[in-house]
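Sending over a structure as structure tokens; questions will come in a sec.
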Amino acid sequence: MGPPVTHDGDPPVRLDELAVPALLVAIGGYLTYGLVTMEVPASAAWPGPGFFPTIITGLLFVVAAAMTVQILRAHRGTHPSERARDGRPRTDWVATGTVVASFLVFAAVLLPLGWILAGTVLFWGVARGLGSRRRLFDLLVALGMSCLIQLAFSAGLGLRLPPGILGWF
């Protein structure tokens with residue numbers, strides 16, 4: 001197989017850029033194997049124990065495909081001013097750092113604060129990291145999403161997410 005095809009001086013796609021999509025495909029393959037080999041009792045009611053893992057597995061493959069397309073398209077049509085000195089598209093480290101920090105804070109406060117508040121922090125931080133600047137609106141949407149997920153897990157699946165300090169009420 002020859003080198004990647006470039007257009008009008010676009011830099012070739014490097015294999016290291018495709019590491020995250022490849023990792024997602026590997027995780028998706030592992031989950032697919034687990035789903036296929038899972039023993040589901042006949043008494044299991046719908047949606048059953050494989051419902052959410054199937055959704056997550058499908059989403060992993062969709063995200064891997066979308067990331068691959070995005071990486072390949074980033075090398076086409078990227079204005080030269082949007083590229084770093086080595087010719088690759090620039091990374092927005094502030095956005096990346098904000099999203100990673102939001103996840104780390106979420107992981108640290110999940111048990112003490114509970115899902116609703118920790119999820120709100122996570123969703124709000126990711127929205128901020130991805131560029132939204134409407135603080136109050138983002139906070140309300142994040143709180144609403146956390147509450148909906150709590151409701152879906154508790155009422156829909158009978159699973160308890162960590163209640164944290166809100167469990168005292």
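What's the number of the only condition in (1) modelled with pLDDT of 80 or more; (2) farther than 30 Å from G156 by Cα that A74 fails to meet?
So A74 meets the others, but not (1).
Search the range 117-141 for residues being of a type outside the set (A, V, I, L, M, F, W, C) and part of a helix (DSSP H, G or I), and hand back the single one that is surrounded by the fewest Cβ atoms within 10 Å (Cβ to Cβ).
Across the range 117-141, the extreme among qualifying residues is R135.
Which pairs have Cβ atoms under 7 Å, sit 6 or more apart or on different chains, and link a residue in the range 142-169 that is exposed (fewer than 15 other Cβ atoms within 10 Å of the Cβ) to one that is polar (S, T, N, Q)?
Between residues of the range 142-169 that are exposed (fewer than 15 other Cβ atoms within 10 Å of the Cβ) and residues that are polar (S, T, N, Q), the close pairs are R160/S154.
The values are calculated or read from the model by the stated rules, or taken from the named source; none is laboratory data. None of these values were measured; they are calculated from a predicted model. For neighbour counting, all protein chains shown are included, and Cβ atoms are generated from backbone atoms with ideal geometry for every residue, glycine included.
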